[in-house]
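Notes to accompany the following structure.
The values are calculated or read from the model by the stated rules, or taken from the named source; none is laboratory data. Just so we're clear, the structure is a prediction, and the values are computed from it rather than from any experiment. Every residue, glycine among them, receives a Cβ derived from its backbone with ideal geometry; neighbour counts consider all protein chains shown. Side chains are part of the model used for accessible areas, which takes the heavy atoms of the whole protein and leaves out ligands, DNA and RNA. Shrake-Rupley method; radii C 1.70, N 1.55, O 1.52, S 1.80 Å.
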Amino acid sequence: MDHAVVIGASMSGLLAAAALHRLFGRVTVLDRDTLPTVDAHRRGVAQSRHAHGLLAKGREVIDELLPGLSAELVAQGAIRGDLQRDARHIHGGHRLARGDSGLSGLLASRPLLEGQIRRRVSALPGVRVLADRIATGLLAQDGRVTGVRPADGEPIPADLVVDAGGRGSRTPFWLGELGYEPPREERVVIDVRYGTREFRRRPGDLDGDLVVIIAPTPEHPRGGVAERRARRRAPLVPKPGRRPAPLRALEPFPRRAAGDRGRGVRVQPALRPGHDGRRAGGEGPARGGAAAAGVLPPDRQDRGRAVGHHGRR
Ligand SMILES: Cc1cc2nc3c(=O)[nH]c(=O)nc-3n(C[C@H](O)[C@H](O)[C@H](O)COP(=O)(O)OP(=O)(O)OC[C@H]3O[C@@H](n4cnc5c(N)ncnc54)[C@H](O)[C@@H]3O)c2cc1C
């Protein structure tokens with residue numbers, strides 16, 4: 001087999017390319033975004049400004065496809081840890097017991113994670129990652145998909161096409177255009193929204209924990225996460241909730257944090273007033289400080305805006 005084309009150069013597309021390059025002489029990955037040359041946010045990954053973690057199995061699989069990737073991320077500021085032993089989980093006002101899970105995850109910003117994977121995949125023999133290339137349809141012949149139609153330029157023939165276009169995938173529509181029945185679709189409505197703040201860290205904050213997770217419950221549908229980040233001047237603090245959860249007001253954080261669900265969490269001043277998590281990422285040098293987070297009460301949620309959305313659009 002000679003040529004595989006992957007639509008989408010985000011996590012699935014890049015990792016698909018890492019797997020396919022073992023089977024195909026050439027792998028071409030197309031993305032409609034202008035892909036950043038440094039670890040920065042980009043349009044197609046709106047959630048990249050929020051706190052981000054990589055769970056153990058995902059990290060393991062990525063290391064299998066791209067050996068040494070975890071170590072490279074750690075060298076660039078990601079934090080490795082046991083997310084059962086080194087994290088504080090608070091559920092329904094109770095702190096969960098700690099313990100060695102033997103499962104090692106990573107805390108790394110999404111731009112760092114995706115940027116390093118993109119660098120590694122782009123360097124694989126036979127793999128090309130092309131930015132600013134929009135796929136607009138599929139080519140087909142004799143009941144087989146035979147390539148991709150880009151918005152500009154010549155059709156791209158392929159022995160295999162992988163659609164890793166994420167939630168905006170057009171494959172069902174494209175298959176319909178070719179006269180095929182679109183696949184049956186299942187949708188799970190999650191309707192969780194995130195708001196994020198960055199805070200300066202102080203050594204010793206979070207008592208050495210990597211992350212504090214205050215889970216939402218049916219009675220308290222808003223939760224919170226405070227994440228420590230090495231070599232970065234502040235962590236990200238997302239606050240998921242079931243409804244738009246704007247986060248301009250910071251004053252309620254300490255008060256709320258003093259309640260049952262946030263016991264033991266202190267709050268530092270935000271890096272700058274009104275910051276809404278839209279700042280570009282990358283792991284910069286530390287300026288010290290410590291992480292803190294709280295959960296906003298519903299009646300204080302009305303000022304500001306949510307910057308993320310998990311669920312149906
Ligand atoms: C708020 C939030 C927080 C999250 N936190 C975490 C976390 O902490 N840890 C974690 O592991 N996961 C997290 N996730 C989930 C994770 O971000 C997604 O699972 C992941 O990004 C999905 O990757 P993907 O490659 O399948 O699709 P996407 O990331 O959606 O990428 C699709 C890509 O395809 C490109 N594309 C689409 N259509 C075309 C086209 N026609 N032509 C060319 N290119 C195209 C887009 O530009 C994009 O780059 C979070 C998600 C959200 C929303």
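Scan the stretch 90-127 for residues that are open to solvent by 60 Å² or more (accessible area, probe 1.4 Å) and of a type outside the set (Asp, Glu) and jot them down.
Once the filter is applied, which keeps residues that are open to solvent by 60 Å² or more (accessible area, probe 1.4 Å) and of a type outside the set (Asp, Glu), the stretch 90-127 yields 91, 94, 95, 96, 97, 98, 102, 103, 119, 123, 125.
Restricting to the stretch 7-35, count the residues that are open to solvent by 50 Å² or more (accessible area, probe 1.4 Å) and under 18 Å from residue 113 (Cα atoms).
Within the stretch 7-35, the subset open to solvent by 50 Å² or more (accessible area, probe 1.4 Å) is 12, 22-23, 26, 32, 34.
Now narrow it down to the ones that are under 18 Å from residue 113 (Cα atoms): 12, 34.
The number of residues fulfilling the criteria is 2.
On the basis of being of a type in the set (Lys, Arg), more than 10 Å from the ligand (Cβ to nearest atom) and more than 30 Å from residue 181 (Cα to Cα), does residue 110 make the cut?
Against the criterion (of a type in the set (Lys, Arg), more than 10 Å from the ligand (Cβ to nearest atom) and more than 30 Å from residue 181 (Cα to Cα)), residue 110 does not qualify.
Within the stretch 1-19, take every residue that is closer than 11 Å to residue 127 by Cα and more than 23 Å from the chain's Cα centre (by Cα) and give me the one that is nearest to the ligand (Cβ to nearest atom).
So, considering only residues that are closer than 11 Å to residue 127 by Cα and more than 23 Å from the chain's Cα centre (by Cα), the one nearest to the ligand (Cβ to nearest atom) is 5.
Let me confirm something: among 87, 78, 71, 151, which residue is open to solvent by 40 Å² or more (accessible area, probe 1.4 Å), farther than 20 Å from residue 26 by Cα and more than 11 Å from the ligand (Cβ to nearest atom)? Give the steps one after another, and end with the answer.
On the way: 87 fails: open to solvent by 40 Å² or more (accessible area, probe 1.4 Å); 78 fails: open to solvent by 40 Å² or more (accessible area, probe 1.4 Å); 151 fails: more than 11 Å from the ligand (Cβ to nearest atom).
The match here is 71.
Give just the number: which of (1) within 13 Å of the ligand (Cβ to nearest atom); (2) of a type in the set (Gly, Ala, Ser); (3) open to solvent by 30 Å² or more (accessible area, probe 1.4 Å); (4) closer than 30 Å to residue 208 by Cβ does residue 51 not satisfy?
Condition (3) is where residue 51 drops out.
If you take the residues of the stretch 37-47 that are under 17 Å from residue 108 (Cα atoms) and surrounded by fewer than 23 Cβ atoms within 10 Å (Cβ to Cβ), which of them is farthest from the ligand (Cβ to nearest atom)?
Filtering the stretch 37-47 for residues under 17 Å from residue 108 (Cα atoms) gives 38-42, 45-47.
Now drop any that are not surrounded by fewer than 23 Cβ atoms within 10 Å (Cβ to Cβ), which leaves 38, 40-42, 45-47.
On the way: 38: 17, 40: 14, 41: 12, 42: 7, 45: 5, 46: 7, 47: 3 Å.
Top of the filtered list is 38.
Report, by residue number, each residue of the stretch 181-222 that is more than 18 Å from the chain's Cα centre (by Cα) and under 30 Å from residue 169 (Cβ atoms).
181, 182, 183, 184, 185, 186, 187, 188, 189, 216, 221
Quickly run through the stretch 160-176 and pick out the residues that are more than 10 Å from the ligand (Cβ to nearest atom) and open to solvent by 70 Å² or more (accessible area, probe 1.4 Å).
173
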